[in-house]
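Asker: Can you read through this structure? Questions will come right after.
The values are calculated or read from the model by the stated rules, or taken from the named source; none is laboratory data. All values reported here derive from a predicted model rather than from experimental measurement. Glycine gets a Cβ as well: all are built from the backbone with ideal geometry, and neighbour counts include every protein chain shown.
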Amino acid sequence: MNELLLTAANRSDWINMVGMVALACWAAVNIVVGIVGWRSGNAWTRYFFRMGLFWNLVNITIAIWALAHLPNDTLVSTVDELKSRSNELLYLVNAGLDIIYAGGGVVLVWRSLRAESSRNLLQGFGIAIVFQAIFLLIFDLTLFLLQYGIRAELVYG
């Protein structure tokens, strides 16, 4: 069982690392696109790109911090330790937050339909938030399912 736990821990750490590299790449691309779009966009698109830029500054910070704090050891003695190390719950909670973010973005877009002076800002920010939330929902659910699969394989064979 110890060999299986060690292999599972290595797979779990690898999934976390690849996930954070993917998040950092997504963020880097969105930061570059955000800078270019902010400078060359018009009306609501300028706000869309601005929100994308700021949102992804947070994403890249999270990814870099997570990569810098990956476990150095592979010592895992129980399935419960593996579960706590895999961040399953964190990914699941984040998926719930992503749904809330998307809802907030939809509310902003809806409010933009009645706004006069802030229409472009509400529409641009709202669409950007929905766009980012959809990506993050897919990202978090994928990582949750991959991590859960490793543990389920150990528990249920």
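Results for (1) closer than 16 Å to PHE139 by Cβ; (2) modelled with pLDDT of 90 or more; (3) in a helix (DSSP H, G or I), shown as yes or no for each residue.
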site: LEU5; (1), (2), (3): no, no, yes
site: SER12; (1), (2), (3): no, no, yes
site: MET17; (1), (2), (3): yes, yes, yes
site: VAL21; (1), (2), (3): yes, yes, yes
site: ALA28; (1), (2), (3): yes, yes, yes
site: GLY37; (1), (2), (3): no, yes, yes
site: MET51; (1), (2), (3): no, yes, yes
site: LEU57; (1), (2), (3): no, yes, yes
site: SER84; (1), (2), (3): no, no, yes
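Asker: Could I ask something else about it? Looking at region 126-148, which of its residues are more than 10 Å from GLU88 (Cα to Cα) and not aromatic (Phe, Trp, Tyr)?
Answerer: Correct list: GLY126, ILE127, ALA128, ILE129, VAL130, GLN132, ALA133, ILE134, LEU136, LEU137, ILE138, THR142.
Asker: Right, next: Could we say that GLY37 is over 23 Å from LEU90 (Cα atoms) and touching a Ser or Thr at 6+ places or on another chain (Cβ under 8 Å) here?
Answerer: Considered against the rule, which asks whether it is over 23 Å from LEU90 (Cα atoms) and touching a Ser or Thr at 6+ places or on another chain (Cβ under 8 Å), GLY37 comes out as yes.
Asker: Would a scan of region 86-104 turn up a residue that is closer than 30 Å to GLU153 by Cα, at pLDDT below 95 and in contact with a Ser or Thr (Cβ under 6 Å, 6 or more places away or on another chain)?
Answerer: yes
Asker: Of the residues ASN56, ASN30, which is within 12 Å of the chain's Cα centre (by Cα) and within 20 Å of GLY126 (Cα to Cα)?
Answerer: ASN56
Asker: Let me ask you something else. Only one of (1) touching a helix residue (DSSP H, G or I) at 6+ places or on another chain (Cβ under 8 Å); (2) polar (S, T, N, Q); (3) surrounded by fewer than 20 Cβ atoms within 10 Å (Cβ to Cβ) fails for GLN123. Which number is that?
Answerer: Going through (1) touching a helix residue (DSSP H, G or I) at 6+ places or on another chain (Cβ under 8 Å); (2) polar (S, T, N, Q); (3) surrounded by fewer than 20 Cβ atoms within 10 Å (Cβ to Cβ) one by one, GLN123 breaks only (3).
Asker: May I pose another question? Does region 148-157 contain any residue that is over 28 Å from ARG11 (Cβ atoms) and of a type in the set (Asp, Glu)?
Answerer: No, region 148-157 contains no residue that is over 28 Å from ARG11 (Cβ atoms) and of a type in the set (Asp, Glu).
Asker: Return yes when GLU116 is of a type outside the set (Val, Ile, Thr), modelled with pLDDT under 95 and buried (at least 20 other Cβ atoms within 10 Å of the Cβ) and no when it is not.
Answerer: Considered against the rule, which asks whether it is of a type outside the set (Val, Ile, Thr), modelled with pLDDT under 95 and buried (at least 20 other Cβ atoms within 10 Å of the Cβ), GLU116 comes out as no.
Asker: State the number of residues belonging to region 40-61 that are closer than 23 Å to LEU89 by Cα, β-branched (Val, Ile, Thr) and touching a helix residue (DSSP H, G or I) at 6+ places or on another chain (Cβ under 7 Å).
Answerer: 1
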